[in-house]
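One structure below.
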Amino acid sequence: MAWEAALALGEQRRHSRTMTADWQSALDRAAAHAPFLKRAMDRRPELVALMQAGDGEGALAQARADGEGAADTGDALRRERLSLALVLAVGDLAGAFDVTRVMRELSDFADRALDEAITAVIRHRVEDAEVQGFTALALGKQGAHELNYSSDIDPILLFDPERLPRLDRDEPGEAAARYARKLVELLSQPTGEGYVMRVDLRLRPASEVTPLAISFNAAMSHYESSALAWERAAFIRARSAAGDIAAGEAFLEDLRPFIWRKSLDFTAIEEVRRLTARIRQAYKGTREVGPGFDIKKGRGGIREVEFYAQTHQLIYGGRIPELRQRGTRAALDALAEAQIIGAEDARVLGDAYDRLRVIEHRLQMVEDRQTHSLPDSAERIDNVARLEGLPDGAALVEELRRITGEVAARYGDLLGEDAEEERTTVSVAGEFRERFDERVEHWRNSVRALRSVEARKAFDAMRDDLLDAIANAPDPYHALARWETLLTRLPTAINLFRLFEQRPGLLDRLLRILTQARPLADELARRPELLDALIDPNAMELPESVEVLAERMRASEESDYESRLDRLRQVVGDERFALGVQMVECRHDPLDIAEGLCRIAEAAVQTGAEAAIADFREKHGEIAGSELAILGLGRLGGGALTHASDLDIVFLYTGDELGDSDGKRPLSPSLYYNRLAARVSAALSVPTAEGALYEIDTRLRPQGKQGPIAVSFTAFEKYQHESAWTWEHMALGRARPIFGSEAAREELSKIIRDTLCADRDGAKLKADVLEMRAEMFAAKPPQGPLDVKLVRGGLVDSEFLIHYLQLREGIGLDPALEKAIAALVDAGLLPHGYAEHHLAITRFLIAERLFAPDGAEPIEATRAVLAQACGEDSYKALLQTLAEARQCIAAQWAEHFGETLEID
């Protein structure tokens with residue numbers, strides 16, 4: 001198995017590192033430059049002997065066992081701690097244990113020490129008590145498995161009053177506080193064997209007024225109502241480490257929405273900026289790398305790497321679960337994998353972090369002091385450098401200058417300290433400025449999103465950028481009106497204003513969306529969190545495969561039916577909006593965007609059907625030997641949707657009509673699948689808290705509105721062969737199974753192919769097609785010359801022609817029309833170049849549905865982007881391309897049907 005191979009590889013590397021380590025040099029440097037380690041070596045000669053022999057793993061195993069047999073828990077832990085500190089330090093100096101291994105071993109010991117201390121203090125009061133209802137959450141470096149040599153630990157101690165072991169006379173709160181005091185005393189009090197861990201409980205909620213241990217409910221209430229920004233960041237690395245671990249894990253699961261916000265959270269940048277400013281103001285040490293420089297708190301130090309990773313995690317982690325890493329290096333790698341930060345930035349910061357942590361360890365090894373600062377004299381810096389194996393302190397200082405410089409530059413970029421985003425400013429006409437100021441005053445007095453003082457301050461900070469962006473729009477007054485429409489619909493806008501303050505260039509992109517793509521503007525007003533697509537780098541990429549999309553849609557953090565449907569709508573909404581932004585930005589061919597929209601829809605059908613079936617089965621069970629299948633038709637079957645497309649589907653089921661379902665409420669097959677089909681339709685269409693999804697059209701089923709919503713394969717096949725109209729067979733030309741087992745899909749595909757390949761009367765077929773097209777034109781005439789779907793020589797004519805030739809000849813039977821055209825061209829039935837003309841009109845339709853959904857002539861600014869999206873140099877050139885395409889289609893119509901179309 002893969003994990004076994006990974007473990008084996010890790011063991012091989014560990015063994016190789018141990019064999020090549022320079023243990024004697026490490027022991028000599030430790031004795032010469034680290035008095036603490038020298039004293040430990042004198043007290044643990046048996047460990048020194050093992051290390052001199054190159055047996056690092058043996059020495060580590062012995063160190064872990066050194067506390068065994070001690071009469072007192074505290075004494076046992078103190079012995080183990082000293083032994084571990086010695087072996088890990090020398091192994092680190094020797095190159096046998098890398099920094100990740102060292103931090104992990106130290107963190108694991110802290111977990112064990114906490115757990116044994118909790119057990120000891122509880123059982124000292126309540127003999128043989130089961131340790132439950134008392135949990136230590138590890139935060140900070142312990143939570144991330146990144147403890148250093150002399151670090152304190154910052155647990156939060158929580159208890160459950162109902163389950164906490166205590167004497168009858170003890171109140172739960174008093175008992176928990178007593179356990180907390182005894183635990184701190186046991187771990188922190190030094191003896192002849194040293195100490196176990198320094199314990200700092202000040203990270204608990206409202207530590208200045210709360211007891212040392214607080215109840216789970218009180219803690220949850222605090223985080224839900226009164227928590228500060230730094231507490232969110234602290235809980236990124238939190239984990240349940242000791243005591244009642246299951247209770248701690250349940251608490252953290254309940255706390256997840258507090259830590260990980262559903263939408264991209266750009267207030268995190270402002271919060272971290274303020275926190276950083278306070279830290280830098282409070283930092284009284286030297287600013288330059290040299291004597292006294294703090295490699296943790298100083299500029300470009302350890303904390304800035306951690307904040308860099310955590311800020312991005314806070315912003316994006318609610319939407320991308322893969323970013324919820326506790327470790328700093330792991331978080332940086334995950335951010336790079338998600339393309340949120342550059343791979344080179346992740347590498348530089350990760351390497352810097354590892355190296356800074358190594359140097360931090362060297363500083364602490366000398367005297368086992370919790371220090372992060374270089375010594376205050378050149379002589380003592382030389383001593384640390386030589387402990388590390390460097391020639392002198394100057395080499396160490398130079399290395400630190402390079403490392404901290406690289407970190408500081410990237411952290412400054414994150415906070416916007418060193419440079420502002422470049423924008424082209426324009427001179428604003430006095431008349432428009434007056435109009436803008438007038439509307440701003442109106443907003444202040446009437447818009448809900450500007451009622452609070454904080455919101456007004458945030459708006460004022462980006463007001464000039466907003467004026468500049470609107471004035472620079474092709475039609476400033478139209479842009480101002482669309483911005484106002486958005487603003488009045490927003491329930492809150494502080495996050496939005498702060499985002500634009502950080503990234504004023506995004507205002508231009510937003511205004512392009514508001515003024516050029518009304519469907520996107522309307523959706524944005526309903527779901528402001530869709531603005532994530534403006535800054536998420538992945539939002540400019542085409543959607544992944546149906547399988548990957550479906551997996552994301554299934555990844556609801558709650559398992560109930562409603563939550564699954566909410567998750568489905570969230571992902572579909574995000575992906576559809578992102579594709580719309582890509583169209584506005586002209587990032588991809590509209591044909592590729594249409595295929596992406598179809599992949600999203602197909603994944604949604606799969607996910608929605610799965611959720612509905614699972615929910616339906618709880619009451620009605622299953623029908624043995626039978627299953628639901630879904631047939632996609634129209635643009636869904638053809639694999640290319642627009643932003644305005646509904647989903648044409650037909651529900652079918654396999655098996656015979658014998659036997660009821662096996663659930664608590666059994667149903668006959670017909671009733672079972674018709675109710676299930678209705679449930680699936682609702683899952684894909686009914687609005688939830690996350691909004692609507694798709695319009696579902698099932699009118700292409702056998703007998704249309706008069707027929708049942710779901711029919712068996714047998715009934716479907718019989719209907720197609722005996723009762724279906726010609727237009728229904730034409731519709732099957734773009735039919736494709738999109739849900740069901742592989743066997744069911746194959747069986748359904750065969751039924752469709754057999755139907756399409758059936759012998760036909762050519763004359764009757766032609767007459768039927770012409771009659772249907774004439775009736776359609778009379779009942780649904782084009783809305784104007786740009787209604788490229790319904791105008792003569794447009795898409796409907798092209799599709800009718802293709803389906804006519806497919807049915808007449810029995811070739812080109814592919815639901816993707818471009819592939820069907822290619823087969824018909826190869827057969828000499830359509831001319832070379834026909835596909836380009838058909839696709840030119842299709843491309844325009846896809847773009848038009850976003851930029852001019854009502855079919856009206858687009859405004860001047862929209863014409864330019866419409867032409868660019870369609871790959872034309874100008875709107876005039878686009879119209880010429882459309883005219884040539886229509887003429888080609890009309891010519892083929894005349895050749896095959898003997899009917900001349902009137903082309904405007």
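The values are calculated or read from the model by the stated rules, or taken from the named source; none is laboratory data. Everything numeric here is computed off the predicted structure, so don't read it as measured data. Cβ atoms come from the backbone with ideal geometry, glycine included; neighbour counts cover every protein chain shown. SASA here: full protein model, heavy atoms, side chains in, ligands and nucleic acids out. Shrake-Rupley method; radii C 1.70, N 1.55, O 1.52, S 1.80 Å.
Would you be able to say whether some residue in the stretch 304-322 is in contact with a Ser or Thr (Cβ under 8 Å, 6 or more places away or on another chain), open to solvent by 20 Å² or more (accessible area, probe 1.4 Å) and basic (K, R)? Within the stretch 304-322 (the criterion being in contact with a Ser or Thr (Cβ under 8 Å, 6 or more places away or on another chain), open to solvent by 20 Å² or more (accessible area, probe 1.4 Å) and basic (K, R)), the answer is yes, since at least one residue qualifies. Which of the residues spanning the stretch 58-97 are open to solvent by 10 Å² or more (accessible area, probe 1.4 Å) and touching a Ser or Thr at 6+ places or on another chain (Cβ under 6 Å)? Listed by number, the list holds a single entry, D66. Is it the case that the stretch 867-876 has a residue that's surrounded by fewer than 16 Cβ atoms within 10 Å (Cβ to Cβ), more than 34 Å from the chain's Cα centre (by Cα) and outside any helix (DSSP H, G or I)? Looking through the stretch 867-876, at least one residue is surrounded by fewer than 16 Cβ atoms within 10 Å (Cβ to Cβ), more than 34 Å from the chain's Cα centre (by Cα) and outside any helix (DSSP H, G or I).
For the stretch 120-158, residues that are open to solvent by less than 30 Å² (accessible area, probe 1.4 Å) and either under 33 Å from the mean Cα position of the chain (by Cα) or polar (S, T, N, Q) (or both) total 20.
Residues satisfying the criterion are present in the stretch 870-887 (criterion: within 28 Å of G762 (Cβ to Cβ) and not charged (D, E, K, R)). Contact map, the stretch 238-256: first residue over 16 Å from S107 (Cα atoms), second residue modelled with pLDDT of 95 or more and assigned to a helix (DSSP H, G or I), Cβ cut-off under 8 Å, separation 6 or more or different chains; pairs are A247/F216; F251/F216. For the stretch 348-387, the set of residues classified as of a type outside the set (K, R), more than 15 Å from L400 (Cα to Cα) and over 43 Å from the mean Cα position of the chain (by Cα) consists of V366, E367, D376, S377, E379, N383, L387, listed by residue number. Taking the stretch 646-680 as the range and being without any contact (Cβ under 8 Å) to a residue 60 or more places away in the chain, open to solvent by less than 30 Å² (accessible area, probe 1.4 Å), of a type in the set (A, V, I, L, M) and assigned to a helix (DSSP H, G or I) as the test, only A677 passes. Taking helices (runs of 4 or more DSSP H) as the structural unit, those lying wholly within the stretch 156-251 and holding at least 1 residues that are under 28 Å from A129 (Cα atoms) correspond to 172-188, 216-225. Among the residues of the stretch 681-690 satisfying the criterion of being open to solvent by 30 Å² or more (accessible area, probe 1.4 Å) and among the hydroxyl-bearing types (S, T, Y), which is modelled with the highest pLDDT? Among residues in the stretch 681-690 that are open to solvent by 30 Å² or more (accessible area, probe 1.4 Å) and among the hydroxyl-bearing types (S, T, Y), the one modelled with the highest pLDDT is S685.
Of the candidates P155, P161, the single residue that is at pLDDT 90 or above and closer than 22 Å to M103 by Cα is P155. The set of residues in the stretch 493-542 that are part of a loop (DSSP other than H, G, I, E, B) and open to solvent by 20 Å² or more (accessible area, probe 1.4 Å) comprises R503, D536, E541, L542. Scanning the stretch 332-349 for residues that are without any contact (Cβ under 8 Å) to a residue 40 or more places away in the chain and either in a loop (DSSP other than H, G, I, E, B) or open to solvent by less than 10 Å² (accessible area, probe 1.4 Å) (or both) gives L332, L335, I341, G342, A346. Restricting R166, R101 to those that are open to solvent by 40 Å² or more (accessible area, probe 1.4 Å), at pLDDT 95 or above, touching a Lys or Arg at 6+ places or on another chain (Cβ under 9 Å) and at negative phi reduces the list to R166.
Scanning the stretch 800-835 for residues that are under 41 Å from the mean Cα position of the chain (by Cα), touching a residue at least 40 places away in the same chain (Cβ under 8 Å) and open to solvent by 10 Å² or more (accessible area, probe 1.4 Å) turns up L813, P815, A816, L817. Considering the stretch 220-252, the residues that are within 16 Å of G143 (Cα to Cα) and aromatic (F, W, Y) include one that is surrounded by the fewest Cβ atoms within 10 Å (Cβ to Cβ), namely W230.
Yes/no per residue for (1) open to solvent by less than 10 Å² (accessible area, probe 1.4 Å); (2) among the β-branched types (V, I, T); (3) in a helix (DSSP H, G or I):
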position	(1), (2), (3)
R444	no, no, yes
A449	yes, no, yes
D460	no, no, yes
L466	yes, no, yes
P474	no, no, no
A479	yes, no, yes
T485	no, yes, yes
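Selection over the stretch 374-391 of residues that are among the polar types (S, T, N, Q) and modelled with pLDDT of 95 or more gives a count of 1. Figure legend. Inter-residue proximity from the stretch 396-412: first residues surrounded by 16 or more Cβ atoms within 10 Å (Cβ to Cβ), second residues of a type in the set (K, R) and at pLDDT below 95, beta-carbon distance below 7 Å, spacing 6+ or different chains. Indicated pairs: T404/R299; A408/R299. Scanning the stretch 877-904 for residues that are open to solvent by 30 Å² or more (accessible area, probe 1.4 Å) and aliphatic (A, V, I, L, M) yields A877, L879, A883, A891, A894, I903.
Say we look at the stretch 350-373 and pick out the residues that are assigned to a loop (DSSP other than H, G, I, E, B) and open to solvent by 30 Å² or more (accessible area, probe 1.4 Å); which of these is modelled with the highest pLDDT? Going through the qualifying residues, I end up with E367.
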